[in-house]
Each structure stands twice: as structure tokens, then as C-alpha cells.
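Okay, structure first, notes after.
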Amino acid sequence: MLHTENLTKHFGETTAVEGLNLDVAPGEIYGLVGPDGAGKTTTIRLLVGALHPDGGTIRVAGYEVPRRAEKAREHLGYLPQRFSLYEELTVLENLRFFAEVRGLSAAEWLPRSMEILEFVGLARFSARRAGQLSGGMKQKLGLAAALVHKPRLLLLDEPTTGVDPVTRQDFWQLIIRLVSEEGVAVLVSTPYMDEAARCNRLGFLREGRLLVEGTPTALRRQLEGRILELRGENLRALRSLAEADPLVEHAHLVGDRIHLRVREGGGSAPKAAAQLQKRLAARGGAVTSLLPVAPTLEDVFISLSSE
Amino acid sequence: MSASLLRLRSLIRKEFIQILRDPRTLMLALFLPIMQIILLGYSATNDVRNVPLAVFDQDHGPAARALLDAYRAADYFRLAYEVDSEAELRALIDGSKARAGLVVPPGYTDAIEGRGAAQVAFILDGSDPTVASTSLSAAQLIAQEHATAIQAARLARQGQAQPRLLPLEVRTQVWYNPDMVSAFFMVPGVIGQILYSLASVLTATAIVRERERGTIEQLIVTPIRPWELVIGKIIPYVILAFLNTIEVLVLGALLFHVPMRSPLGIILLLSGLFLLSGLGIGLFASSIAHTQQEAMMSVFMTLLPAIYLSGFFFPIQAMPKALQYLSYIFPLRYYLIIIRSLLIKGADIAPLRDNIIALLIFGIGIMALAALRFRKNLE
Ligand SMILES: Nc1ncnc2c1ncn2[C@@H]1O[C@H](COP(=O)(O)OP(=O)(O)O)[C@@H](O)[C@H]1O
Ligand SMILES: [Mg+2]
């Protein structure tokens, strides 16, 4: 459904995307994960033909982009990072506009619009101006507009950034339904690890390069046995103490705990935990518990980012 | 209908909804013409009437009174002050209370009633050349007529029949605008200026707004073609501009009795031709500007010289040669000639041919240039 080879884009001196190879299959949710400025938005804009690549090839639904972008666009839906519908128009007027310019006839646009509004849960707000919707509702409307023409590939650029947690849940339910019921292929960019965990496959993007790619499980397995969870008092001080230890490669706060990544070749996880707990206590650390845990995607992401 | 026309219709409908729901654009479009025509029609007037005149009459005889009556009778002057010294007269003119002064010397009546010649002094404040030059010719004209009347009276007293008094007489006729009302000059100018500024500013901001607000990103992935986007943006503002033209014509007729001596169809047709240039400039500005503000600034950069150099305020013939040549690059120049002729003279199209051709060339040229630069992407 989506295929890129060696995709490259520069802005003057800045390398936004470099040698990117992507493949997304129908019925798959592919997550593009990376910090701000990693090149996620640029990648998606290249895929829809809004930007022209400096090198490499793109195929969307079998059509080469940007050469045959118009054909490719018949099959793709795009939800830009920034709200991109008309604030002065009502919810329904927005959908009507995008349905009509997508070629839906006078008889088709209304039933289709109502169907999607039901689907995203905005039917009650059809007469409200888009500018007066909440952030989460705007994103749902954006999704609705991207879906009017029943695309086979959906490109979502940070669809839930700045959206409340409940709406984020709703939003993901919608995406999962689209994929399972209609076999849509989805490429979604996100800075959130909990969202990344919902994807079938992930690509970690940094400075325009794909660092690593795989299923969430496979990616987590890379750090198997190297993550310890530390609980205790005065977390800040504990963290500094832990980081100073030669066994610890990295320490970061996760809510009211600290995740430690031990160096490779540091022995088995339980052994390392026991050793470390002793050493921390000896240096005056108020440790409550220190136990091996399953790595999270955030651990993976942090480990990749600091490489 | 073809898919293209259907998309165009949706674009235009969307644009109209936006215009109607955006009070700022609507206010600008509807009230700018009213404001301009009222401000310019009333204030930028060259009509010189009721110039305040200070009189220093040292004679006080019947002939002096007759002379003053002659000045009073013409509505160019208002005998605002009677003074008793030159110093007083100077003070009034220095303070801009009086714009002109008339000094009648002692012995004036004696000279007139005898056979001698008399002299009076007429003083003008030259700081406003328009007022001064009009006052000067009016003062001379009144004095001449009065002198002729005196001469006739003398001859009559001597029992002679009335001969032809002057061997040569120039009979002037002012065509088209016999009362030389400035509004007849200003109102067509306002039409040109409004068409140009609204078409360019609104088109430019409407396109840049799509970029500024990010809506262009969703438009890009629709099948809308670049030229459809351009036409869809332009048509609503063309309609708005035509409504404004009619608005100004009606206001001009109601407030200033500006005539409309050519058919409305021809006026609108040629105005449409001129609109091409304004729309093209707007389109061009939208391709270089990133924000609506920048777009407006770039349009105004072309608007100001156009207004000053196209004969909007100042006659082109009175400008230095270099500026006269420069004026040829402003489409407004040609349109002002056309619209003034159509409204005031009711002229045929034929004598305006060169100007119409110039508008056509500029309109198509600017549009083509701007359309070539127009892209439906984010590069
Ligand atoms: N239009 C542009 N002009 C210049 N630089 C840009 C432009 N868009 C993005 N960049 C740069 O390219 C890099 C990648 O940006 P972006 O794709 O927006 O990252 P992300 O979406 O992952 O935050 C950044 O360094 C950004 O500053
Ligand atoms: Mg981004």
C-alpha cells in the first residue's frame, strides 16, 4: 500500500529525511515514532506529495509520487498535524466541501457525511462551527474529512497531540475499527510511547533516519533483562546515585519510580539488582525495592535516542 | 457538469460562506468604498468658492462701493473683513483668516468719476497654489468686467452710442463638466482605486490565509487543480468588486450628481478588464507572502505609487517627464482615463482603444506571470 526507497529531503543545511525505507501493508498500523524535529511531518508531507523529495522513490497505492500524486491521492486520507479545516464553516459544511471536491455527487455527500459523523461521534455537532469545537473534536472532524472518500491508506500526523486522554482512547478505537473492519492501512506519527504500543509495527526516527524498526514486542525484547525498576524515597538523589554507578548505563524517572538500564554484559538481571541495591544503600540511598521488569517502549526509545 | 466545474462551484460556495461569516472582510468590502467616496468627494475638492476676502477701503466713495459690490456678487469671494490699515490686513492673511486682500486707495472715486485711471491692489496668499491661482483669475475677471462697465457708463455719459468695446473677445466653453465640479474627477478615480485595492488585497489575503491557517494542507490532497483554486479564489472577489463599483456609482450619483453617460454594461466590462491586473497583483503577492499581513503590505507597496502617479490626484500632464513615463507601468493610469471618459464624457470606445489594449496586455501579462508562480504544494 505504501512503499518508499531511500527517501531523502533537505531544507537548506537541514537534513529532514535521509535514506528512508518504509513499507506499510493493508490492515497494518505502522507507527512513526520520534522526538520533535525527527522528520515525521516532513516524511508524511512527502508521501502525500505536498513536498517534493530530493531523492528516492515513493509508491502509494501503486502510483508513483509525486509524478502521479493526483491518482495516489484518490486512495489516501491525510490528517495533518495542524488543524486544517475551515473554522468559519460548520462541521457538516466542512464535510460537504471535502466530499464534493472529492467527487461525491449531490445525492452521495449527505448520507456519507452523516455516516462518518456517526462513526466519529460528531453527529450531534453537525451544525456547530468547526472553530468552536474542542481540540479533541477538531481532530475527530479532521479524521472524518480524511475519510469521506473511503481511502485505503490513512496518514495521521500526531493525531492526538494536545488531546485529552479520554478522547485519545476514543480516537484509537476508531483507528483500530477502520483497520480491522475495512482493512485500511495506517501510518501514524506519534511522540507518545503508550500509543506506539498499539501499532503493529514501529519505526524509530531520529534526525531523519530510521534507527530501528519492528513490532513493539520485538523492540522491547532487545532490552530484555537490562531494565530494573527502582522505588524509594527522594527519587532525585537516588537517580544521581544510580547514574554514578558503573553498572548503570542510564536512569530516568517514570512517575514515582526510576527505570535503570544496566550495561550490556552486566550479568543476569536479578544478580545485578541485588548488587546494585547493596551499593546504593551503602551510599545512603533510601531504596524501597529494586527489581527486574519487562522493558517498556519508552525504555527502548530512550536507549535509542541516547545511542 | 464536469468534475472540474463541480469542484469550482464548491470552492466558490465555501469562499462565500467564509466572506459572509468573516465580519472584517465584509466591513472592508462594503464600507471602504462608502468611506472613501465621502472623504474624497467632499474633502479633496479643487472647487474654490467663498474665499475669505479682507477689504481695506481708503476711499469710501460710491465708486468704491460699486467695485466691492462687484466682488460680492460673484460667489468666488466672501467679503469677510473690513479693515482700517495695511497692518491689519497683513495680520488677517498671516493668520489664514483671509486668503486675499483688496486695497482701494484714497481718491479712487474721484479718478473713476473723472476721466482718469485708478489702481487697486489685490493681495493673494500663495501658500495654497490652487486657491491662489483660482482667486487670481477670478479677481482679474471681475475687475475686467467692472472696468468694461465703467467704460460703457462713461461713453454713455458723453452721449455716444454703445460701440463694441473690445476688438477681441474669447468665449470659453467648458465641455462635459461645465461647472468644473471636482467630484466628477474624484469619483471615477475612487472607483479605479477601490477596484484595484479590493481585488488585490482580498485575493492575496484569501490565498495566503489558506497557508497561514494550514488549510492548504488538506486542499493539497484533494483533486482540486491549481487553476481551479485560483479561479475559485478570484470569482467571489470579482463579484464583490463589481458590487462595489455599482455602489460607488450610485453614491457618486446621489451625493455628487456624478453622471453616468455610458451604458453600465460597457463600464462593467472595461472595469472587469482592469480587475485582471488587480487580481494578478494579488495572486502574485500571495506567492511571495507568508502571512496575510505580508500580503497586504506587498500589495500596498504597489498601490501607493499607482495612486500618486496614475493621475488619481494630480494630472499626469503636469508631472515631470520622467514620472510621466513611469506612469505608463501602472494599469490604473489607463483605467482612470477610460472610466473618466465613460462616466463624464460618455465617449465612444474608439478613442479609448489604446488604453483598452494597454489594460488587456497588463491584465493578461500579470495574471499569466502570477499563475505560473502559483503552486499547489508547500515548497
Ligand atoms: N518548511 C521547512 N523549512 C525548513 N526546515 C524545515 C521545514 N519543515 C521542517 N523543517 C526542519 O526539518 C526537520 C524535521 O522537521 P519535522 O518533519 O517537522 O519533524 P517532526 O514532525 O518529527 O517534529 C526539523 O529540523 C525542521 O526544523
Ligand atoms: Mg511534526
The one condition residue B:235 fails out of (1) more than 17 Å from the chain's Cα centre (by Cα); (2) without any contact (Cβ under 8 Å) to a residue 60 or more places away in the chain; (3) away from chain A (no Cβ under 14 Å) is (2)
Those residues of the range A:98-124 which are within 13 Å of chain B (Cβ to nearest Cβ) and among the aromatic types (Phe, Trp, Tyr) amount to A:98, A:109
Residue A:110 vs (1) among the hydrophobic types (A, V, I, L, M, F, W, C); (2) open to solvent by less than 70 Å² (accessible area, probe 1.4 Å); (3) more than 16 Å from ligand 2 (Cβ to nearest atom): all pass except (2)
With criteria (1) open to solvent by less than 10 Å² (accessible area, probe 1.4 Å); (2) under 30 Å from residue B:10 (Cα atoms); (3) out of contact with any Lys or Arg (no Cβ under 9 Å at 6 or more places or on another chain); (4) away from ligand 2 (no atom under 16 Å from the Cβ), residue A:71 comes up short on (1)
Here the residues within the range A:198-209 that are closer than 10 Å to residue A:33 by Cβ and either open to solvent by 30 Å² or more (accessible area, probe 1.4 Å) or more than 16 Å from ligand 2 (Cβ to nearest atom) (or both) are A:199, A:202, A:206
For the range A:59-97, the count of residues that are more than 8 Å from chain B (Cβ to nearest Cβ), touching a Phe, Trp or Tyr at 6+ places or on another chain (Cβ under 8 Å) and aliphatic (A, V, I, L, M) equals 4
*asked:* Kindly evaluate residue A:46 against the criterion of being closer than 30 Å to residue A:138 by Cα and either within 16 Å of ligand 2 (Cβ to nearest atom) or more than 14 Å from chain B (Cβ to nearest Cβ) (or both).
replied: yes
Taking the range B:225-246 and keeping only residues that are open to solvent by less than 50 Å² (accessible area, probe 1.4 Å), farther than 18 Å from residue B:286 by Cα and among the aliphatic types (A, V, I, L, M), one is left with B:240, B:241
Among residues of the range B:348-379 being open to solvent by less than 30 Å² (accessible area, probe 1.4 Å) and more than 23 Å from residue B:307 (Cα to Cα), the residue nearest to the other protein chains (Cβ to nearest Cβ) is B:377
Going through the range A:71-87 in order, the residues found to be over 24 Å from residue A:191 (Cβ atoms) and without any contact (Cβ under 8 Å) to a residue 12 or more places away in the chain are A:71
Just one listed residue, out of A:53, A:66, is in contact with a Gly (Cβ under 7 Å, 6 or more places away or on another chain) and away from ligand 2 (no atom under 16 Å from the Cβ), and it is A:66
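Residues are listed down the side, and each one gets a yes or a no for (1) open to solvent by 10 Å² or more (accessible area, probe 1.4 Å); (2) within 16 Å of ligand 1 (Cβ to nearest atom):
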site: A:191; (1), (2): yes, yes
site: A:195; (1), (2): no, yes
site: A:211; (1), (2): yes, yes
site: A:219; (1), (2): no, no
site: A:226; (1), (2): yes, no
site: A:229; (1), (2): yes, no
site: A:238; (1), (2): no, no
site: A:245; (1), (2): no, no
inquiry  = So for the range A:138-150 (the condition being within 16 Å of ligand 2 (Cβ to nearest atom), surrounded by 20 or more Cβ atoms within 10 Å (Cβ to Cβ) and more than 14 Å from chain B (Cβ to nearest Cβ)), does at least one residue qualify?
reply    = no
Taking the range B:6-31 and keeping only residues that are within 9 Å of another protein chain (Cβ to nearest Cβ), crowded, with 18+ Cβ neighbours inside 10 Å and among the charged types (D, E, K, R), one is left with B:7, B:14
Taking the range A:172-193 and keeping only residues that are of a type in the set (S, T, N, Q) and within 16 Å of ligand 2 (Cβ to nearest atom), one is left with A:189, A:190
Of the residues in the range A:12-51, those that are open to solvent by 60 Å² or more (accessible area, probe 1.4 Å), within 15 Å of ligand 1 (Cβ to nearest atom) and modelled with pLDDT of 95 or more number 1
Apart from one, (1) at pLDDT 95 or above; (2) within 13 Å of another protein chain (Cβ to nearest Cβ); (3) farther than 24 Å from residue A:49 by Cα all hold for residue A:127; the odd one out is (2)
### Message
Would you confirm, using the coordinates I've provided, whether residue B:249 is assigned to a helix (DSSP H, G or I) and either open to solvent by less than 50 Å² (accessible area, probe 1.4 Å) or under 26 Å from residue A:67 (Cβ atoms) (or both)?
### Response
yes
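Return the residue satisfying two criteria in turn: it lies in the range B:252-272 and is part of a helix (DSSP H, G or I) and farther than 12 Å from residue B:342 by Cβ, and of such residues it is least open to solvent (accessible area, probe 1.4 Å). Don't jump to the end; show me each part of the working.
Applying the first criterion (part of a helix (DSSP H, G or I)) to the range B:252-272 yields B:252-256, B:264-272.
Applying the additional criterion that residues be farther than 12 Å from residue B:342 by Cβ yields B:252-256, B:272.
Details: B:252: 0, B:253: 44, B:254: 125, B:255: 65, B:256: 23, B:272: 23 Å².
Checking each candidate, the answer is B:252.
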The helices (runs of 4 or more DSSP H) lying wholly within the range B:35-142 that contain at least 1 residues that are surrounded by 12 or more Cβ atoms within 10 Å (Cβ to Cβ), at pLDDT 85 or above and at positive phi are none
Check: Is it fair to say residue A:261 is at pLDDT below 90 and either part of a helix (DSSP H, G or I) or under 20 Å from residue A:212 (Cα atoms) (or both)?
Finding: no
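When you scan the range A:164-181, do you find a residue that is within 16 Å of ligand 1 (Cβ to nearest atom) and either among the hydroxyl-bearing types (Ser, Thr, Tyr) or closer than 24 Å to residue A:19 by Cα (or both), even just one?
no
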- Has the range B:206-223 got at least one residue that is under 25 Å from residue B:308 (Cα atoms), crowded, with 20+ Cβ neighbours inside 10 Å and assigned by TED's automatic domain parsing to the domain that holds residue B:349? no
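The values are calculated or read from the model by the stated rules, or taken from the named source; none is laboratory data. Since we're looking at a predicted model, the values are computed, not measured. We place every Cβ from the backbone using ideal geometry, glycine too, and count neighbours over all the protein chains shown. Surface accessibility is based on the protein's heavy atoms, side chains included, excluding ligands, DNA and RNA. Shrake-Rupley method; radii C 1.70, N 1.55, O 1.52, S 1.80 Å.
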